[in-house]
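Below is one structure, written out as structure tokens; the observations come after it.
Derivation of every value follows stated rules applied to the coordinates shown; laboratory data play no part. On a predicted model such as this, the values are computed, not experimentally measured, just so you know. Here the Cβ is made from the backbone with ideal geometry for all residues, glycine too, and neighbour counts use every protein chain on show.
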Amino acid sequence: KAGVTQTPRYLIKTRGQQVTLSCSPISGHRSVSWYQQTPGQGLQFLFEYFSETQRNKGNFPGRFSGRQFSNSRSEMNVSTLELGDSALYLCASSPGASGSNQPQHFGDGTRLSIL
Amino acid sequence: DQQVKQNSPSLSVQEGRISILNCDYTNSMFDYFLWYKKYPAEGPTFLISISSIKDKNEDGRFTVFLNKSAKHLSLHIVPSQPGDSAVYFCAASPATRANRKLIWGLGTSLAVNP
């Protein structure tokens with residue numbers, strides 16, 4: 001069974017640009033969550049999607065947005081990039097929504113660097 | 001405000017000995033706890049979980065203990081192996097159905113020396 005796939009693995013952008021990251025969950029998983037990981041802050045929850053609907057949202061500005069498609073694949077978009085957005089962005093999937101107490105399975109992340 | 005705290009940024013143990021990783025939480029609404037392991041350049045991998053109705057859960061070399069009164073949980077790895085060297089994250093989830101997102105600690109880097 002294929003794991004969670006995130007593309008691209010590495011990305012370099014400049015301030016002010018926008019970026020779209022992609023996540024393909026494990027087959028059959030309907031929930032996709034996104035996290036930002038930085039050295040000092042650990043894993044910070046961005047948002048969760050289930051059946052194409054955003055169920056939970058973390059404390060990030062509106063520049064961070066996402067969506068989920070009918071095949072459960074998800075994209076995350078960051079507009080007007082800032083230096084502080086440099087981080088590892090992780091996607092995780094699970095069979096049910098976050099209230100179902102099922103562990104999340106993570107992809108290897110997209111390393112975003114802002115110059 | 002860090003609701004899930006892993007106060008030891010790093011831990012070093014000898015191969016074959018026990019590794020004990022600790023995690024404290026402040027929110028009494030948390031009722032589901034998980035441990036993940038992360039190698040460099042890879043995403044976190046689920047290790048073991050525990051529900052608040054239990055005080056212990058075991059899976060092979062890994063055992064998680066939960067002390068609800070102290071708001072403390074710990075992960076025991078016995079015996080420790082060099083391949084266990086990684087960053088370990090503790091995560092917790094509240095019982096509130098409306099906003100049941102995982103809250104993560106900052107991680108503890110474990111080094112198991114041969």
Requested in this report: At 7 Å along the Cα-to-beta-carbon direction for both A:R111 and B:I18, put a label point, then send me their distance in nm to one decimal.
Outcome: 3.7 nm
Query raised in the report: Relative contact order for chain B: what is it in percent, counting Cα pairs under 8 Å that are at least 6 residues apart?
Result: 37 percent
Report summary line: Expressed in angstrom, Rg and Dmax over the Cα atoms of the protein assembly as shown are 17.5, 51
Report task. Determine the sum of side-chain charges near B:L66: Lys and Arg each +1, Asp and Glu each -1, restricted to other residues whose C-beta is under 9 angstrom from that of B:L66. Result -> +2
Requested in this report: Find out how many positive minus negative residues lie around A:D85, taking Lys and Arg as positive, Asp and Glu as negative, among other residues whose Cβ is under 11 Å from that of A:D85.
Outcome: +2
Report task. Identify, among A:F60, A:L43, B:G60, the residue whose Cα sits farthest towards the positive end of the charge dipole of the protein assembly as shown, taking +1 on the Cβ of Lys and Arg and -1 on the Cβ of Asp and Glu, with the dipole about the Cα centre. Result -> A:F60
Report summary line: Simple spin-label estimate for A:T53/A:R73, 7 Å along Cα→Cβ, in nm, reads 2.4 nm
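State the dimensionless ratio Rg/Rh of chain B (Rg: radius of gyration of Cα atoms; Rh: Kirkwood radius). Each step should come with its number before you reach the end.
Details: Rg = 13.6 Å, Rh = 14.2 Å.
Ratio value, two decimals: 0.96.
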Query raised in the report: Dipole size in debye (nearest 20) for chain A around its Cα centre, Lys and Arg Cβ +1, Asp and Glu Cβ -1?
Result: 100 debye
Report task. Could you list the residues of the range B:8-34 with an amide nitrogen less than 11 Å from a label point located 7 Å from the Cα of B:A70 in the Cα-to-C-beta direction? Result -> B:22-24
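Over the range A:1-114, what is the relative contact order in whole percent, taking alpha-carbon pairs under 8 Å and six or more residues apart?
Rounded, it is 36 percent for the range A:1-114.
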